[in-house]
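Reviewing the structure listed below.
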Amino acid sequence: MKYLKRALEEKIRLHINDDKVIVLTGMRRVGKSTLLRQIASGLSNMAWFDFDNPLDVRLFTDIDYNDIYERILVHGKLDKSRRLHIFVDEAQMHPEVSKVAKYLHDHYDVKFFLTGSASYYLKNLFPESLAGRKVLLELFPLSFSEFVEFKGGDTELLADLRLKESVHLLEFEKYDSLYDEYLRWGGFPEIVLATSEVTKRELAKDIFSSYYQKEVVQLGGWHKQDAFRDLMVLLATRVGSQLDLTKISQELGVTRPTLTNYISFLEATYFISLLGKYSGSVDRTIAGSKKVYLCDNGILRVVAETDSSTQLENSIYHQLAHFRAGQVHYYRNQNGKELDFVVDGKVGYEVKSTATSAYVAEAKRLARGAGLKESIVVSKNYTEEGGGVHFAQFI
């Protein structure tokens, strides 16, 4: 299959020749292995290990790390007189690899590239002594720009339209059907490349099942797995809403501390994202209810029945949080009026199916009250409202 480039590839390539351990994490099946195999294909003196394979794990299991180094050399037919490029997939399956990587990094000319599906494990996998010697990168489902590229669309025009103050109807329509599909099925690469709705649905269900079995059951080892499963479905039905943990714990029949642990796990393994309330400072979040968003619209589609406005808000959250530099919060004033998103304490975003002059005026009023410099109404549908409106596909 033809390799389709991910935006994160350039950032990884910036670190190929330095002395940092590269750690690539993200949800299962977002394309981590494919991306690193592309990187590996351009490197010499390289070996690839998959820790889903117990035989590969065995190579990294020894009290004497020097012996592990020698086994790697033999297994990969590598030249010890030159830098070794060692790729380890699913690193969290063998936590001891962190100590091995540290030792070989310190004592030999070895460049490690590690992938894993759970920041819950990987962010704390390395000892403090390696803290300054690793680069942690996160890969998410496709952005809309990547989606367009995967579909063979014109990404250069898309980039140009994002910079324009106004977009004409004909320009809007070039990407309208693609964006509709992106909202329905999200950005998991294999779902994007599937050609039928039936196949897309089956793949989305399989990705959810794989996450549940491998992360929740095998790695998490949670005792009340039925309650955990029900929580995943419940959170999907509440995308874009504030979470009442007391009420949810009562619904599921689990204690508040247990629920907190469940939610922390789901966030750290990329199934959900939590959004804090804007306090007037980008460095401080007000204590209280957080909003929840799901990892991807394709998964949302098969886990829960949601309306189009929820799908739109979930998608815009990911565009702002993962593909634009900045900190994202939501804003609510004392009267309960909200701006869906605040980015870097400067710009407020309100997401609507169709922007109107009333929505634009309300967003401006709320932004002023929050001390923001600008407000934007994100519109799914075409409108000629003009100032203060951005179309969702060009965010």
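Here are some residues: Ser315, Ser309. Which one is under 18 Å from Arg238 (Cβ atoms), out of contact with any helix residue (DSSP H, G or I) (no Cβ under 7 Å at 6 or more places or on another chain) and at pLDDT 95 or above?
None of the other options fit; the residue is Ser309.
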(message) I'd like to verify a number: residues in region 161-194 that are small (Gly, Ala, Ser), under 20 Å from Val148 (Cβ atoms) and touching a residue at least 12 places away in the same chain (Cβ under 8 Å), how many?
(response) 2
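Let's see how each residue does on (1) in contact (Cβ under 8 Å) with a residue 24 or more places away in the chain; (2) in contact with a helix residue (DSSP H, G or I) (Cβ under 8 Å, 6 or more places away or on another chain); (3) not assigned by TED's automatic domain parsing to the domain that holds Leu161:
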residue: Asn335; (1), (2), (3): no, no, no
residue: Asp340; (1), (2), (3): yes, yes, no
residue: Ala355; (1), (2), (3): yes, no, no
residue: Leu366; (1), (2), (3): yes, no, no
residue: Gly369; (1), (2), (3): yes, no, no
residue: Val378; (1), (2), (3): yes, yes, no
residue: Thr383; (1), (2), (3): yes, no, no
(request) Out of Phe265, Phe228, report the one residue that is of a type in the set (A, V, I, L, M, F, W, C), in contact (Cβ under 8 Å) with a residue 60 or more places away in the chain, touching a helix residue (DSSP H, G or I) at 6+ places or on another chain (Cβ under 7 Å) and buried (at least 18 other Cβ atoms within 10 Å of the Cβ). (result) Phe265
(request) Just one of (1) surrounded by fewer than 16 Cβ atoms within 10 Å (Cβ to Cβ); (2) assigned to a helix (DSSP H, G or I); (3) among the β-branched types (Val, Ile, Thr) trips up Val57, so point out which. (result) (1)
(message) Please verify whether Leu366 is over 17 Å from Phe391 (Cβ atoms) and outside any helix (DSSP H, G or I), treating the condition exactly as stated.
(response) no
(message) Here are the criteria: (1) without any contact (Cβ under 8 Å) to a residue 60 or more places away in the chain; (2) among the basic types (Lys, Arg); (3) touching a helix residue (DSSP H, G or I) at 6+ places or on another chain (Cβ under 7 Å). Tell me which single one Arg28 does not satisfy.
(response) (1)
(message) Pairs please, first residue from region 195-223 and in the same structural domain as Glu267 (by TED's automatic domain parsing), second anywhere and of a type in the set (Ser, Thr, Tyr) and surrounded by 18 or more Cβ atoms within 10 Å (Cβ to Cβ), Cβ atoms under 6 Å, 6+ apart in sequence or on different chains.
(response) Glu215/Thr269
(message) Exactly one of these conditions fails for Ser289: (1) touching a residue at least 60 places away in the same chain (Cβ under 8 Å); (2) in contact with a strand residue (DSSP E or B) (Cβ under 7 Å, 6 or more places away or on another chain); (3) surrounded by fewer than 20 Cβ atoms within 10 Å (Cβ to Cβ). Give me its number.
(response) (1)
(message) Which numbered condition in (1) assigned to a strand (DSSP E or B); (2) over 21 Å from Lys20 (Cβ atoms) is the only one that Phe112 fails?
(response) (2)
(request) Taking Leu137 as meeting all but one of (1) surrounded by 16 or more Cβ atoms within 10 Å (Cβ to Cβ); (2) modelled with pLDDT of 95 or more, write down the number of the exception. (result) (2)
(request) Provide a single number: the residues in region 74-103 that are assigned to a helix (DSSP H, G or I), more than 28 Å from the chain's Cα centre (by Cα) and within 20 Å of Ile16 (Cα to Cα). (result) 2
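Conditions tested, residue by residue: (1) touching a Leu at 6+ places or on another chain (Cβ under 6 Å); (2) within 15 Å of Val100 (Cα to Cα); (3) buried (at least 18 other Cβ atoms within 10 Å of the Cβ).
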| site | (1), (2), (3) |
| --- | --- |
| Arg29 | no, no, yes |
| Gln38 | no, no, no |
| Phe49 | no, yes, yes |
| Glu70 | no, yes, no |
(message) Among the residues of region 179-201, what is the count of those that are surrounded by 14 or more Cβ atoms within 10 Å (Cβ to Cβ), over 16 Å from Tyr317 (Cα atoms) and of a type in the set (A, V, I, L, M)?
(response) 4
(request) Determine if region 34-52 includes at least one residue that is aromatic (Phe, Trp, Tyr), in a strand (DSSP E or B) and either without any contact (Cβ under 8 Å) to a residue 60 or more places away in the chain or more than 30 Å from Lys151 (Cα to Cα) (or both). (result) yes
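The values are calculated or read from the model by the stated rules, or taken from the named source; none is laboratory data. None of these values were measured; they are calculated from a predicted model. Methodologically, a virtual Cβ is constructed for each residue, glycine included, from the backbone with ideal geometry; neighbour enumeration extends over all protein chains shown.
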